[in-house]
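Report on one structure; see the data block that follows.
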Amino acid sequence: MLTHNRPTALTSAIFLLCALIVLGSAFVPSPAFACSFESQVDGSCATAEIGEEAVELGASTEVPATGGTAPEGNSAGGVSFEAPIEPVNSVGESWCDLQRLPCVPWTPPASDETGPVTISDIATFRPQSPSASMQPNQWMIVGLATNFYANASAHIVDGTLFGGTAQVRFTPVAYNWNYGDGTTATLSIAGTTWAKQKIAEFDPTPTSHSYNEPGTYTITLTVTYAAEYRVAGTNWRNVIGTLNIAAPPLTATAGHATTVLVNQDCNTNPTGIGC
Amino acid sequence: MRLPNLVHAAGGALLLALLSGCAPSDASTPPEPSSTFVAPYATDEEALAAAEEAYAEYVRVMRESYRPDASDPSALYTVASGGHLMELLSEFEDRVADGRYLLGTQSFDQIVLQRYSRDSSSSEMIAVYLCDDLSGLSIYRDGEKIAPDEPIPPTTMQVVFDFNPDSKSLLVSARDLWSSETC
């Protein structure tokens, strides 16, 4: 949940930071925010943490949000060498460097946002589309288990929230299957292939389903995602509500299997009698 | 969903054996993305395992470059890329000229996948979070420890990897402090 004081403090801090840069009196560690082992050990690794009172752009350099002054120098815990120090050209540049992602210029969150963030607030963030898979692929044997599984994983999407740059993390929490034969299931696990479960084909799995009648069926999967958001290095915060995303449907045919005698191994002689 | 009896199970097994020669092979393989870029790892798990292995190699090479007698930074080219490599090379020159080096132990764990971009490009293909414990490392010059005053706590890092299609290896293209909280 965004609160009044964070965006206000942040905005003030950024303004102050920019003002100090213009005056040529404020320097922070490298805007690349890259962190080598040495700079991490000596405490000069930079991060972008938003505190209640200050924007911290480094382990030992703080820019107060309001009513304060920037501390002089850049202490490094007794280290007698200087970490690479360059002025920050812009906060936006630093944000993009930090993220190492396709650059969305950093913009401060609007200061008048209040209340919890709901799923409708993040409507512009679209999660990756899930997909459904089945074994065997697009056919089933009546009475035997067909292994259905979802392809969906937690992932992060960049975008804008309340006018500010933000990230939303989508995590699949439920997998809603409609098997097309009048039965449905809501599962908490995605499932996986028979091979990865180290069981034989047609063995039942936690996500398998058996058909009782031959026919052609359309199987649909809808994945329910929970969402969290973060702005400029804050911790992840919950988004109220969930989002359902449908996967492209599968169409498959169920039939009875007939046992036949074959002359040879059908793998080695696919055109042999009975194959 | 269990089979009703052993006979049925045996029949199913026989049926499977017979059908296996006639059914399309590897029918469950998902379709490949229609892009010129071919993702080298089939699953997130494979990508994460490759990233973990690549980061372990990155740590090994980095530690070699921090030895007191290190003078050749060329091995860094095999584990890092882009701007991050340039930063490491620049830092190496500066460090060697100043006579600094690192001694101690280092480890990492809790590696989790942030993203694996299968259908974009080899640049920044994988990003992971991991907990890097550098608390056992110290910076020295001329046999004298100069930093840190107190051991730094383990912290969460975001590590981004490029894929080198020539060497078919992952190269660290960014290593950033993700959270200053102890992990």
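The values are calculated or read from the model by the stated rules, or taken from the named source; none is laboratory data. Note that this is a predicted model, so its numbers are computed, not measured. Every residue, glycine as well, gets a Cβ built from its backbone with ideal geometry; the counts of neighbours run over all protein chains shown. What goes into the accessible areas is simple: the full protein's heavy atoms, side chains included, and nothing from ligands, DNA or RNA. Shrake-Rupley method; radii C 1.70, N 1.55, O 1.52, S 1.80 Å.
Observations on the model:
- Residue match in the stretch A:162-174 (condition: basic (K, R) and assigned to a strand (DSSP E or B)): yes
- The helices (runs of 4 or more DSSP H) falling completely within the stretch B:1-118 that include 2 or more residues that are under 20 Å from A:Q40 (Cβ atoms), away from chain A (no Cβ under 11 Å) and at pLDDT 50 or above map to B:44-65, B:82-98.
- Qualifying position, being hydrophobic (A, V, I, L, M, F, W, C) and open to solvent by 20 Å² or more (accessible area, probe 1.4 Å), among A:A145, A:A200: A:A200
- If you go through the stretch A:239-275 and keep only what is free of Cβ contacts under 8 Å to residues at least 24 places away in the same chain and more than 14 Å from chain B (Cβ to nearest Cβ), you end up with nothing.
- All of B:I152, B:I146 fail the test of being in a strand (DSSP E or B), at the interface with another protein chain (Cβ under 8 Å from one of its Cβ atoms) and of a type outside the set (F, W, Y), apart from B:I146.
- Residue satisfying all of: in the stretch A:153-175; open to solvent by 30 Å² or more (accessible area, probe 1.4 Å) and in contact (Cβ under 8 Å) with a residue 60 or more places away in the chain; nearest to the chain's Cα centre (by Cα) among these: A:R169
- A:T224 being closer than 21 Å to A:A132 by Cβ and part of a strand (DSSP E or B): yes
- For B:T182, the criteria (1) within 11 Å of another protein chain (Cβ to nearest Cβ); (2) at pLDDT below 90; (3) open to solvent by 10 Å² or more (accessible area, probe 1.4 Å) hold in every case but one, which is (1).
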